[in-house]
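Novice: Structure provided below as structure tokens; questions to follow.
The values are calculated or read from the model by the stated rules, or taken from the named source; none is laboratory data. Note that the structure is a prediction, hence the values are computed from the model and not measured. Please note: Cβ atoms are built from the backbone with ideal geometry, for glycine as well, and neighbour counts cover all protein chains shown.
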Amino acid sequence: MASLIHELITVLEEEKNCYEEILSTSEQKTNYIVEGDMPSLQALTTTEQSLAGKAFRLDKKREEIIADMAIVLGQDPKTLQLSFLIKKMNNMPTEQQQLQTLQQALTELVEQLKQVNELNKQLLEQSLDFIDFTVRALQSQYSGVGPSLYESKGQEADYRGQHFFDRKQ
């Protein structure tokens, strides 16, 4: 059981480090969104996907360790939680403290990550709303200059050859 606990501590430390990297990446993403730096945002998204894959693998490894611990403790692996393990570790105070610290750090990191991701989501939605507004403004400006969609006798107007945007040759 002691070796499983040490393995769990190692995996949780790796998970914490991974989530710290993800948080840092998400904060950088906020800056790129605000600045409108799309090339950097694309590159950062690739990095973020790689980190998400790493976090997923660590999560699976943690679940496997917890499942092994559940078998040793005679518990259901699907309901065994880290809090329960921490309470059962009175004979290992150092490891118990390490697990408590890691649990708290991971909880805080996940909460910070949720907040940054929510901010990024709002910023992206605002950007999309602004783009939509701009396109609609250009369309309404264009439609005020030329003929309407229907001519006076109910016949459709011919828009072929007319463009909303000029392109440089």
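Novice: Condition first: surrounded by fewer than 18 Cβ atoms within 10 Å (Cβ to Cβ) and touching a helix residue (DSSP H, G or I) at 6+ places or on another chain (Cβ under 9 Å). Now tell me which residues in the range 1-15 satisfy that.
Specialist: Met1, Ala2, Leu4, His6, Glu7, Ile9, Glu13, Glu14, listed by residue number.
Novice: So Val135 ticks every box in (1) surrounded by fewer than 14 Cβ atoms within 10 Å (Cβ to Cβ); (2) hydrophobic (A, V, I, L, M, F, W, C); (3) touching a residue at least 40 places away in the same chain (Cβ under 8 Å) but one. Which box is left unticked?
Specialist: So Val135 meets the others, but not (3).
Novice: Considering only the range 13-25, how many residues are among the hydrophobic types (A, V, I, L, M, F, W, C) and farther than 25 Å from Glu118 by Cβ?
Specialist: Qualifying residue count, the range 13-25: 0.
Novice: Does the range 26-48 contain any residue that is in contact with a helix residue (DSSP H, G or I) (Cβ under 6 Å, 6 or more places away or on another chain), in a helix (DSSP H, G or I) and over 21 Å from Lys114 (Cα atoms)?
Specialist: Within the range 26-48 (the criterion being in contact with a helix residue (DSSP H, G or I) (Cβ under 6 Å, 6 or more places away or on another chain), in a helix (DSSP H, G or I) and over 21 Å from Lys114 (Cα atoms)), the answer is yes, since at least one residue qualifies.
Novice: Before we move on, is Leu44 hydrophobic (A, V, I, L, M, F, W, C), modelled with pLDDT under 95 and within 30 Å of Asn120 (Cβ to Cβ)? It would help to see each step written out before you state the result.
Specialist: Numbers: hydrophobic (A, V, I, L, M, F, W, C): yes; modelled with pLDDT under 95: yes; within 30 Å of Asn120 (Cβ to Cβ): yes.
For Leu44, the condition - hydrophobic (A, V, I, L, M, F, W, C), modelled with pLDDT under 95 and within 30 Å of Asn120 (Cβ to Cβ) - is met.
Novice: Please pick out the residue among Leu119, Leu73, Leu109, Leu149 that is at pLDDT below 90, under 36 Å from the mean Cα position of the chain (by Cα) and of a type in the set (A, V, I, L, M).
Specialist: Going through Leu119, Leu73, Leu109, Leu149 in turn, the sole match is Leu73.
Novice: From the list Leu113, Leu109, Leu119, Leu85, pick out the single residue that is surrounded by 15 or more Cβ atoms within 10 Å (Cβ to Cβ) and farther than 30 Å from Val34 by Cα. Even if it seems obvious, please write down each step before you answer.
Specialist: Working: Leu113 fails: farther than 30 Å from Val34 by Cα; Leu109 fails: farther than 30 Å from Val34 by Cα; Leu119 fails: farther than 30 Å from Val34 by Cα.
Going through Leu113, Leu109, Leu119, Leu85 in turn, the sole match is Leu85.
Yes or no, residue by residue, for (1) more than 22 Å from Gln104 (Cβ to Cβ); (2) out of contact with any Gly (no Cβ under 6 Å at 6 or more places or on another chain); (3) assigned to a helix (DSSP H, G or I); (4) not hydroxyl-bearing (Ser, Thr, Tyr):
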position: Ala67; (1), (2), (3), (4): yes, yes, yes, yes
position: Ala70; (1), (2), (3), (4): yes, yes, yes, yes
position: Pro77; (1), (2), (3), (4): yes, yes, no, yes
position: Ser83; (1), (2), (3), (4): no, yes, yes, no
position: Asn90; (1), (2), (3), (4): no, yes, no, yes
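Novice: Let me ask something else. Would you be able to tell me the number of residues in the range 19-29 that are among the hydrophobic types (A, V, I, L, M, F, W, C) and surrounded by fewer than 20 Cβ atoms within 10 Å (Cβ to Cβ)?
Specialist: 1
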